[in-house]
Amino acid sequence: MLSIALAGKPNAGKSTFYRAATESEVDVGNYPFTTIDPNRGVSHVRTDCPCLDREERCGNDNCRDGKRYVPVELLDVAGLVPGAHEGRGLGNQFLDELTNADVILNVVDASGATNEEGEPVERGSHDPVEDVDFVEEEMDLWLASIVERNWESVERASRSPDFDIDEALTDMLTGVGATELDVARALRDLDYPEDPIAWEDEHREALASDIRRRTKPIVVVANKADVAPPENLERLQEAADLVVPATADGELGLRRAAEAGVVDYDPGDADFEIVGEVSDDQREGLEQIRDVMAEHGGTGLQTALDRAVYELLDQITVYPVQNESKWTDGQGNVLPDAHLLPAGSTPLDLAYDVHSDIGDAYLHAVDARENRRIAEDHELEEGDVIKIVSSN
Ligand SMILES: Nc1nc2c(ncn2[C@@H]2O[C@H](COP(=O)(O)OP(=O)(O)OP(=O)(O)O)[C@@H](O)[C@H]2O)c(=O)[nH]1
Ligand SMILES: [Mg+2]
């Protein structure tokens, strides 16, 4: 499963985001370091279900009237403070928790009501743009320290006659999610000495930040948009490539209200409808959330998750089925599974993603929408429904 990590300074709303997005109970508090041990749970990205192109909706548990929710892992870690890579705050133990993450959501308090350590201060008095930069820096320096720690092994390997720097660095960096291709591309972009023994800290740091950008891309979540000065949101938009204004607290309120049957709302909707009995206070709270949603096209949580997966990680959703005309599995479930795969994936990649045995026994594939056989190297597209034919 793809893994998305919530990172950022303390008190920014990471656990509130997590609570809303996973519908699980974790501690939230208006002080730094509420979270110490990481929380790991399942959230979803949202896409159009292929059943929208059929007469009836599929009825899958993860499909609400054609809105398809595809599971991803969500990780909520302790807050990060400047100097964390050197052990400040709760240190770099939780930077290590980010090792397996495919993408990072940097949750920023856009209201400027918490300082760089996450302590409450007067609203607007802290510049949230600083929180965008330092999280990137801390992650870069953390990765640089991993490279530094392991450099001796690269130097040792370099004495061997068949030494290959790409191979040695790939060995060292697979642990943080770097592929051979990432390393090759990073080395192509950098100037560095031939001999690893001649590498200086600056070379290792340049390598680390290049690899960090490739393996841990970042979406900035401009949280607390409900109480943020508009100029902060504007400046944040300019400070990074991908910035999503959000109200984690608003989403949490809506999810709870939806569960109680008070509102009709599906995560990622731009608006909601009040359908149950509410007190005046509740109505006022809900209307405040509605105002923020109207400004930003929703609460922003689903948007942040979706853009991380579909935009930054460039994933597509593909639906394997056994019956190509009914789009069902062996038990008659319509569109039973949704798989996230990198764009450019082929039917064979899908087969291996379903099960390595299916991949090994792959014969051919059928595009169930068109009802025609497709080549092994055919590039799959978002929303493809595919029957894999295998010899077992
Ligand atoms: N106004 C507003 N407050 C929010 C929002 N999201 C979270 N908060 C509040 O911000 C405070 C911190 O929230 P947490 O979710 O505990 O923050 P955290 O980033 O997990 O903090 P640490 O675990 O200490 O790193 C709490 O008082 C939340 O209620 C939001 O969208 N709007
Ligand atoms: Mg927390």
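What the table shows:
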{"read-out": "Of H296, Y310, Q282, farthest towards positive along the dipole that unit charges on Lys, Arg, Asp, Glu beta carbons give the range 279-335", "value": "Y310"}
{"read-out": "Cβ-placed point charges (K, R +1; D, E -1), dipole of the chain about Cα centre in debye, nearest 20", "value": "960 debye"}
{"read-out": "Those trypsin sites (Lys or Arg not before Pro) in the range 252-308 that DSSP places in a loop and that have at most 15 other beta carbons within 10 Å", "value": "none"}
{"read-out": "Rounded to whole Å, sorted largest first: equivalent-ellipsoid semi-axes of the range 62-174, Cα gyration tensor", "value": "35, 24, 11"}
{"read-out": "The range 171-231: C-alpha gyration tensor shape, a/c 1.5 cut-off, then a/b vs b/c", "value": "prolate"}
{"read-out": "Most fluctuating residue given options D127, D377, D140, as computed from a GNM of the chain linking Cα atoms under 10 Å", "value": "D377"}
{"read-out": "Radius 14 Å from Cβ of P229, net charge of other residues (Lys, Arg +1; Asp, Glu -1)", "value": "-4"}
{"read-out": "Taking the C-alpha atoms of the chain, convex hull volume expressed per residue in Å³", "value": "160 Å³"}
{"read-out": "Relative packing of peptides 224-233, 72-81 - highest average C-beta neighbours within 10 Å first", "value": "72-81, 224-233"}
{"read-out": "Selection from G177, C58, A157 lying farthest towards where the dipole of the range 53-182 points positive, charges on Cβ", "value": "C58"}
{"read-out": "Unsatisfied cross-links (Cα-Cα over 24 Å) in the set K67/K387; K9/K224; K67/K216; K67/K326", "value": "K67/K216"}
{"read-out": "Likely footprinting exposure, F17, F94, fewest C-beta neighbours within 10 Å first", "value": "F94, F17"}
{"read-out": "Among 317-323, 144-150, the order from most to least packed when residues are scored by Cβ within 10 Å on average", "value": "317-323, 144-150"}
{"read-out": "Kyte-Doolittle mean at least -1.0 and Cα axial length at least 18 Å: DSSP H helices in the chain", "value": "129-157"}
{"read-out": "In Hz, Karplus ³J(HN,Hα) per residue of the range 67-81 (6.51, -1.76, 1.60; θ = phi - 60°; x = Gly, Pro)", "value": "8, 9, 10, 9, x, 9, 8, 10, 10, 10, 10, 4, x, 10, 10"}
{"read-out": "Quotient of Cα Rg and 2.2 N^0.38 Å for the range 194-270, N being how many residues it contains", "value": "1.78"}
{"read-out": "Mean Cβ count within 10 Å, highest first, over the residues of peptides 109-120, 325-336", "value": "109-120, 325-336"}
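Read the figures in this text as sums done on the coordinates, not as results from a lab. The model shown is predicted, which means the values in this text are computed figures rather than measured ones. Note that each Cβ is placed from the backbone with ideal geometry, even for glycine, and that neighbours are counted across all protein chains shown.
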